[in-house]
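These notes concern the structure reproduced below.
Just so you know, all these numbers are worked out from the coordinates, no wet-lab data involved. Everything numeric here is computed off the predicted structure, so don't read it as measured data. A quick note on method: Cβ atoms are made from the backbone with ideal geometry, for glycine too, and the neighbour counts reach across all protein chains shown.
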Amino acid sequence: MIVGIPKGKKDDECRAYQIPASVQVLTEASHSVLVEQGAGEPGGFGDGDYLKAGDGVSSNSEAVLKVLPRILAIWLYFLLKIRRVMWRVRVFIQMAG
């Protein structure tokens with residue numbers, strides 16, 4: 001699979017979507033990883049770091065890895081947690097009844 005890693009689109013965003021070590025893990029798992037130029041600069045990683053770990057820079061990819069904004073990630077976590085608790089309560093009530 002060809003995986004694309006874009007750079008952040010927000011001006012105040014200071015994180016890289018993937019660090020060079022995770023790009024290397026994907027590459028070792030037989031995936032082709034293409035990083036957008038400048039994607040790691042907010043996180044302190046240069047394009048050379050990604051080129052050593054991945055396959056290059058391109059605009060074509062089969063999948064694009066992105067990070068949810070922090071507030072959405074927190075809400076999603078709590079929604080999944082609540083869903084799991086509700087499911088356990090339902091199973092317990094069915095077993096008790």
Review point. How large is ³J(HN,Hα) for each residue in region 74-88, as worked out from phi by the Karplus curve 6.51 cos²θ - 1.76 cosθ + 1.60 (θ = phi - 60°), to whole Hz, x for Gly and Pro?
Key: 5, 4, 4, 4, 5, 5, 5, 5, 5, 4, 5, 5, 4, 5, 5
Point to revise | LEU72-SER22 FRET efficiency (beta carbon distance; Förster radius 30 Å; 0.05 resolution) | key: 0.90
